[in-house]
Amino acid sequence: MATLALEDVKKAFGATQVLHGVDLEVADGEMIVIVGASGCGKSTLLRIVAGLETATSGRVIIGGQDVTPLEPADRDVAMVFQNYALYPHMSVFDNMAYGLRIRGLPREVIARRVQEAAELLGIAALLERKPRQLSGGQRQRVAMGRAIVREPKLFLFDEPLSNLDAKLRVQMRAEIRRLQKRLGVTSLFVTHDQVEAMTLGDRLVVMHQGHAAQIATPMEIWERPADTYVAGFIGSPAMNFLPATLTAGGTAARLETNGLVLPFADGPRAGEEGRRLTLGIRPEHLRPGIGGLDLQVELVEPLGGESVLHGRLADGAPITAKLPGALHAEGPLGVIIPLEHLHVFDAETGKRLDAQA
Ligand SMILES: Nc1ncnc2c1ncn2[C@@H]1O[C@H](COP(=O)(O)OP(=O)(O)O)[C@@H](O)[C@H]1O
Ligand SMILES: [Mg+2]
């Protein structure tokens, strides 16, 4: 168990800059999920922590020790991959014991650790089997077991659930979370799946094009996304965005969008009039009502207790609303934007404005 710190970690492959300087501090026992679209640099960052890839600059510090120059074997971290990487000709026991034998641990210690991990994972009855005689979920548990027996300072997970079907993925997700809490091992978990990220992480790192766009708890990220990228990436269905202009209206400022005028708490500073903004509103925060936006609903997806409505504004812009109940309301519908749920971003930079309506 240990803390982890990344200090201004940069990585280029040739002329391609993949990581632009990532800083992160992870507390002892914390579960951090690194989430982002494919190609944003998640695996590269994890591999740099593991020592499988060398950072172009920056430092990796585990438990207060600068491990940047150390080989993977000297870093005391265990990695679980998407493809499990089990040895097909070895039994489950031997797969789990392999790393410990390499390190020359006594036979009794190996037997005890493998047995304990197997019981923890519910695979004690499978120790004599070969990987091909196991289901996908069981193989995933063996891969986890192999990491656990090493009693590492850090667990690193690179999309370990991606090869499982949807139901098993949800089940294994809960198992990993329980196990991680119980063992208290500091962990980095990489995924492109925002639901997985929200449910697993004590905190999330939302990555975008080699930057950490935001580092915060799942709820902080959902309630106060730092920019339009994070706002659109976290949340399903995704947040609606509307272009708006900041205008002066007596003492208060106003946000004008689609013929709608909303008050804005912070009056425009000199020269800010006419500033272009992006308004964000989550589908679940829209409410039926008049005096807001007029939608033409084109499709209703019933989810049982609630319905997702896909509609368009007069100018053709798409809007999604998630409303309670089973609705069959194709056609015109008025929705209102509760001001306490309105997010305001700068249109140019995409950054969140702190002054809220
Ligand atoms: N060994 C490599 N050589 C060249 N480019 C690489 C290498 N590994 C990764 N990349 C590039 O770095 C970027 C980030 O990759 P990766 O970290 O695997 O993303 P992610 O895991 O978020 O999908 C991608 O554009 C990828 O093509
Ligand atoms: Mg990857």
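Miscellaneous remarks
- The combined condition, being assigned by TED's automatic domain parsing to the domain that holds residue 83, modelled with pLDDT under 95, closer than 30 Å to residue 139 by Cβ and within 16 Å of ligand 1 (Cβ to nearest atom), is fulfilled by residue 161.
- Residues that are surrounded by 15 or more Cβ atoms within 10 Å (Cβ to Cβ) and either within 16 Å of ligand 2 (Cβ to nearest atom) or in contact (Cβ under 8 Å) with a residue 40 or more places away in the chain (or both), drawn from region 57-74: 58, 60, 61, 62, 63
- When restricted to residues that are of a type in the set (A, V, I, L, M, F, W, C), within 15 Å of residue 147 (Cα to Cα) and surrounded by fewer than 12 Cβ atoms within 10 Å (Cβ to Cβ), region 89-117 contains 1.
- Identity of the residue in region 22-50, within 11 Å of ligand 1 (Cβ to nearest atom) and surrounded by fewer than 16 Cβ atoms within 10 Å (Cβ to Cβ), that ends up farthest from the chain's Cα centre (by Cα): 39
- Hits in region 189-204 (condition: more than 14 Å from ligand 1 (Cβ to nearest atom) and over 8 Å from the mean Cα position of the chain (by Cα)): 199, 200, 202, 203
- Reported count of residues in region 51-86, each being within 16 Å of ligand 1 (Cβ to nearest atom) and not in a loop (DSSP other than H, G, I, E, B), is 5.
- Selection from region 141-174 of residues that are under 16 Å from residue 116 (Cα atoms) and either within 16 Å of ligand 2 (Cβ to nearest atom) or not basic (Lys, Arg) (or both): 142, 143, 144, 145, 147, 148, 149, 151, 152
- Verdict on residue 109 being touching a Phe, Trp or Tyr at 6+ places or on another chain (Cβ under 9 Å) and more than 16 Å from ligand 1 (Cβ to nearest atom): no
- The residues of region 27-52 that are in contact with a strand residue (DSSP E or B) (Cβ under 7 Å, 6 or more places away or on another chain) and either aliphatic (A, V, I, L, M) or more than 29 Å from residue 227 (Cα to Cα) (or both), listed by number, are 31, 32, 33, 34, 35, 45, 46, 48, 49, 50.
Residues checked against (1) within 31 Å of the chain's Cα centre (by Cα); (2) surrounded by 17 or more Cβ atoms within 10 Å (Cβ to Cβ):
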residue	(1), (2)
281	yes, yes
301	yes, no
315	no, no
325	yes, no
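- Failed item in (1) part of a loop (DSSP other than H, G, I, E, B); (2) within 30 Å of the chain's Cα centre (by Cα), with residue 129 passing the rest: (2)
The values are calculated or read from the model by the stated rules, or taken from the named source; none is laboratory data. Being a predicted model, the structure only gives us computed values, none of them experimental. Reconstructed Cβ throughout: ideal geometry from the backbone, glycine too, with neighbour counts over all protein chains shown.
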